[in-house]
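Reading through the structure tokens given below for one structure.
Computed from the coordinates by the stated procedures, all read-outs in this text should not be read as laboratory data. Quick caveat: nothing in here was measured; it's all calculated off a predicted structure. Cβ placement follows ideal geometry from the backbone for every residue including glycine, while neighbour counts extend to all protein chains displayed.
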Amino acid sequence: MLKSTFLCSLIFLCLTHIATAQVPVQIIVEALPPATSSTDTIYICGSFNNWKPNEVQYALKKQLNGQLAIKLGFNTFGHEYKFTRGSWTKVETDIENNYIDNRKFILDQKTVYVRIDNWLDLGGARPLNYIVFYFFACAFQALLLLFLVYRVRQKMSGKLKAMLLVTSVLTLLLLLGVIYQVSNQIWQSYCIFLFHISLQCWAPLLLYFFYKMQLQVLPSRFRIYFLPAAIALFLALVRIFNIQFFSFLAQPVWSTLTLGNVFIFGSSAVFTFFVLIFIVQKFPAVKSFHLNSKHPASTFLSRFYWVNVLALISMPLTLLFLVNGWRYPFFEDFHTTALLLTLLIFIETYFLWRYPEIIEDERVATPVADNLQEWIPKLNLFMLEVKPYKKADLTISDLAEMLETKPHILSRIINDAYKKNFRDFVNTYRVEEFIALANTKDYKHYTFLALAQEVGFNSKSTFNLAFKKVTDQNPRDFFKSHETQE
């Protein structure tokens, strides 16, 4: 009898433990109605909290990838639940805005994915945003401009390629803005990740555009300017795959702004600011905003530059308005910055229609005798900054094209000013670059041949002859003598 009583008590305790055991469950909302505002808080309520529609501990939290999620502990007998936006007048409904049955937790489900089709108070309605039509119209005009320019211009000049690239990127961003406006809150997060990457590409694209329009060549190691974009891409992938180690990026700072968003916007604004400062120092002509009919290209670049400056200024101002709770169409979602950047399309359209010659690579034959003193510092600066001599097969025609002159004129400049032929002139810069690199820590482990190829020499014999012609010593004796002197 005693054994039977003990056995019954043990079974009763086991059943009681099973009935009260908590099973951890993560509920993830992977789709919301398009009408859902980004400022709304989504709650889960059910039999586990007496159906209270707005308890703070049951508010869903935004994940790195933009989805909403909450972790709960359900007992093994399951519960029923629904989602609200804080009250029963804002409860979830079906696609036709009819009441739906309570959702049920199924045993053994550790992760539950749900989609919310509609809200009772919204009924699937979504306010019409006129900015969508404006962005779409600007994108259409940009596409038309690209098509017409491409069809009319038989020769793809360097300036035209730069303009086509920048306009294409801007067009894609406008179309992305249209997609953002018609998407639901979760899919908007994925659009924002693309905006983050494009923001970090803003500065290097501007630098590319101005170098191509003014000098038609890019500075050395230009790819390093895309390093912030690579970091933004890495952070976007981290958030898309919801890697929990980086969950702090989803931490809200102000209202709907997360730590990750603030970091991207802040770093891109600072990066673009310094690039714009560099551009105005490198190309002082962009300072003037007055129309000069004799030099329309300079006026075009000036207008292009200052619109970007205004767009950059609008970013911290918009952030300030959002922090203070100002919710207006021109400030929300950084629409002000986007609206200012659309002015670039109208500027391009006007100048290409009025002054089509601004995208032509002009070749002006300048009298050498009158401008020799001007050419010497210009040529020397170009060789030191752009370093075209690193191209092993560089010809005088290539260098003349970069400098917007003709080969025979450049040949005369080199002969008269430097008393050298073209090959000796280029090899002098290569030897000087070789000596400079050989004295740095980064290139100490390079062999002479590897370093010679790095600066533009294509053979060991050519390098040795050129080095001895410049320094009167072979490379090994030269560096040995310099070590002795030190």
### Task
Evaluate the distance, in nm, between pseudo-label points positioned 7 Å from the Cα of F136 and of V182 along their respective Cα→Cβ axes.
0.5 nm
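Got a sec? How would K468, K444 order by Cβ neighbour count within 10 Å, fewest to most?
In order of increasing Cβ crowding within 10 Å: K444, K468.
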### Task
Mind sorting Y81, Y134 by how few other Cβ atoms lie within 10 Å of their own Cβ, fewest first?
Y134, Y81
### Query
Using the Kirkwood radius built from alpha carbon pairs, what does the Stokes-Einstein equation give as D for the range 368-485 at 25 °C and 0.890 mPa s, in µm² per second?
162 µm²/s
#### Entry: Exposure proxy order (Cβ contacts within 10 Å, fewest to most) of T171, T84, T111
T111, T171, T84
### Query
In nm, to one decimal, how far is the D94 label point from the F263 one, both placed 7 Å along Cα→Cβ?
4.4 nm
#### Entry: Computed over the range 130-359, Kirkwood Rh from alpha-carbon pairs, angstrom
18.7 Å
